[in-house]
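Heads up, the thing below is written out as structure tokens.
The values are calculated or read from the model by the stated rules, or taken from the named source; none is laboratory data. If you're wondering where the values come from, they're calculated on a predicted model, not measured in any experiment. Cβ sites come from the backbone with ideal geometry, for glycine too, and all protein chains shown count toward neighbours. Ligands, DNA and RNA are stripped out before the accessible areas are found, and what is left, the full protein with its side chains, is counted by its heavy atoms. Shrake-Rupley method; radii C 1.70, N 1.55, O 1.52, S 1.80 Å.
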Amino acid sequence: VRTELEPVELEDGAAVPKEFANPTDDTFMVEDAVEAIGFGKFQWKLSVITGLAWASNYAMEMMILSILAPQLHCEWRLPSWQVALLTSVVFVGMMSSSTLWGNISDQYGRKTGLKISVLWTLYYGILSGFAPVYSWILVLRGLVGFGIGGVPQSVTLYAEFLPMKARAKCILLIEVFWAIGTVFEVLLAVLVMPTLGWRWLLILSALPLLLFAVLCFWLPESARYDVLSGNQEKAIATLKRIATENGAPMPLGKLIISRQEDRGKMRDLFTPHFRWTTLLLWFIWFSNAFSYYGLVLLTTEFFQAGDVCSISSRRQEVKAKCSLTCEYLTEEDYTDLLWTTLSEFPGVLVTLWIIDRIGRKKTMALSFLVFSFCSLLLFLCVGRNVLTVLLFIARAFISGGFQAAYVYTPEVYPTATRALGLGTCSGMARVGALITPFIAQVMLESSVYLTLAVYSGCCLLAAVGACFLPLETKGRGLQESSHREWGQEMVGRGSHSPGVTRSNSGSQE
């Protein structure tokens with residue numbers, strides 16, 4: 001027993017060091033345990049496994065849309081609206097299932113919801129490669145989208161095991177896997193499309209999900225979810241496992257919950273504390289997906305034309321000959337598509353560098369502004385090289401905006417509604433994504449400049465919306481309960497306001 005201890009003064013909001021974790025409290029919450037144990041070997045493993053789901057189940061299946069559309073347009077002689085519908089149906093499936101997967105994750109566990117969604121996507125992803133006619137591939141790709149809608153829950157599971165200081169950087173680490181997945185899909189298309197065709201591309205793109213299905217057995221259930229469900233013993237076992245793998249001590253005392261409450265319901269997102277936040281986040285996610293996937297689809301259209309200004313003249317020539325005339329993607333198109341896809345990596349790095357410096361809200365606003373500016377520059381008749389550079393910058397920043405939104409959203413909602421909040425935001429993103437093919441592929445035939453103006457204007461409004469979000473979550477912990485006074489639980493546990501005491505139930509009175 002040490003009889004003489006040096007007093008240690010902590011910065012305001014700083015986490016208690018591991019060796020002094022809860023030395024006097026007789027109770028602790030999951031938040032305390034995660035902060036005390038810290039970041040280590042366990043989180044690195046979890047990063048790789050959830051990142052694999054993110055890359056294979058989400059990024060690859062999304063990137064394939066910009067490659068599949070022009071191929072089926074030529075092979076099956078599809079008009080532009082049917083090509084757009086082929087992309088939109090995936091997002092219809094995602095939109096219709098996002099809230100459902102959120103409810104499943106809140107009621108049966110984050111791990112359960114994630115596993116079911118991945119296996120669903122694997123099954124229908126392989127089946128879609130055998131579609132005999134357009135109507136069948138439309139149905140099967142819609143079912144693939146239904147499964148993909150559950151993948152954002154991997155962010156929920158991941159965030160709930162991360163200490164406060166590492167959370168933003170680690171969630172952005174998952175976005176690196178998105179970039180890896182999109183680049184891998186383009187490389188796979190370069191190898192497969194010229195020889196085996198689009199059917200094999202669909203099948204081979206689904207196979208990496210098998211690896212995640214095997215690794216799922218290692219994934220633990222969220223300790224926050226177990227405590228909320230009244231299963232403290234299982235939560236303690238999970239926390240002990242993390243502490244053992246990280247070589248860190250467990251906090252002292254008894255694990256408690258702030259306040260036992262019902263699992264998240266839709267009305268909880270519209271309480272006075274969350275109403276304005278929810279509405280703004282819905283529009284931000286809508287704008288982000290609308291612009292990101294619109295840019296992905298526009299990229300192949302621009303590359304096929306050579307530059308922006310030649311699209312209008314090319315469309316007029318096509319209409320004069322045949323409305324079903326098409327062009328296959330060339331080797332040069334795939335090369336430039338790969339270059340713009342590689343922009344995801346600097347997008348992650350830039351976001352990683354600024355998100356903890358200027359905050360989540362300003363990072364989102366900056367990303368939207370840069371994208372909007374690059375969209376306006378496309379009004380100029382630029383050559384192929386300048387076009388590629390502008391698309392590279394625009395995609396880097398709009399993907400950065402997505403990353404910031406994925407960091408901010410789980411941080412702003414309490415545990416009971418976190419998965420539901422993320423799920424509804426994902427649902428609104430799918431609304432934007434299912435609309436965007438009719439702008440990027442159908443409206444483009446009528447007016448290139450109107451199309452670019454729509455994307456630019458939408459992102460300008462989203463930048464304003466990001467600035468008006470009520471709460472900046474930089475440097476704050478995850479909320480446990482929505483019943484606490486707004487903002488109290490999100491500040492660091494190292495400081496307490498005068499007159500605020502912790503009761504035995506963990507609530508503040």
Label-point gap, in nm, between ILE354 and ARG241 - each point 7 angstrom along Cα→Cβ: 3.9
Residues in region 193-208 that a label on LEU338 would reach, taking backbone N under 16 Å of a point 7 Å out along Cα→Cβ: 193-195
The set of residues whose placed amide H lies less than 5 Å from the amide H of LYS474, leaving out same-chain residues fewer than 5 positions away, is ARG360
In this model, which of LYS254/LYS361; LYS41/LYS115; LYS254/LYS362 are farther than 30 Å apart at the alpha-carbon? LYS254/LYS361; LYS254/LYS362
Quick check: the distance between the Cα centres of region 390-437 and region 21-73, to the nearest angstrom? 15
So what J values fall out for region 228-238 if you push phi through Karplus, 6.51 cos²θ - 1.76 cosθ + 1.60 with θ = phi - 60°, rounded to Hz, Gly and Pro as x? 4, 8, x, 9, 5, 4, 5, 5, 5, 4, 5
³J(HN,Hα) computed for each position of region 144-153 - Karplus, 6.51 cos²θ - 1.76 cosθ + 1.60, integer Hz, glycine/proline x: 4, x, 4, x, 5, x, x, 5, x, 5
If amide H atoms are modeled at 1.01 Å from N in the peptide plane, then the residues at a separation of 5 or more from LEU469, or on another chain, having amide H under 5 Å from its own are none
How long is region 25-252 along each principal axis, judged by its Cα atoms, biggest number first, in Å? 70, 31, 26
For PHE28, which sequence-distant residues (separation of 5 or more, or a different chain) have an amide H within less than 5 Å of its own amide H, given hydrogens modelled in the peptide plane? LYS254, LEU255, ILE256
Can you work out the Karplus-derived ³J(HN,Hα) for every residue in region 199-206? Use 6.51 cos²θ - 1.76 cosθ + 1.60 with θ = phi - 60°, whole Hz, and x for glycine or proline. 5, 5, 5, 5, 5, 5, 5, 8
Roll a 1.4 angstrom probe over the protein heavy atoms and tell me the percent of accessible area of region 25-252 that is carbon or sulfur. 70
Send over a whole-number figure in Å² for the accessible area per residue of region 28-78, probe 1.4 Å. 22
How large is the convex hull of the Cα atoms of region 121-180 per residue, expressed in Å³ as a whole number? 84
Could you let me know the centre-to-centre spacing of region 90-107 and region 139-207, using Cα atoms, in angstrom? 17
Quick one: ranking TRP353, TRP81, TRP120 by accessible area, 1.4 Å probe, largest first, what do you get? TRP353, TRP81, TRP120
What figure in square angstrom, to the nearest 10, would you give for the accessible area of TYR124 with a 1.4 Å probe? 50
Students sometimes get this wrong: rank GLU75, GLU445, GLU185, GLU35 by accessible area, probe 1.4 Å, all chains present, largest first. GLU75, GLU445, GLU35, GLU185
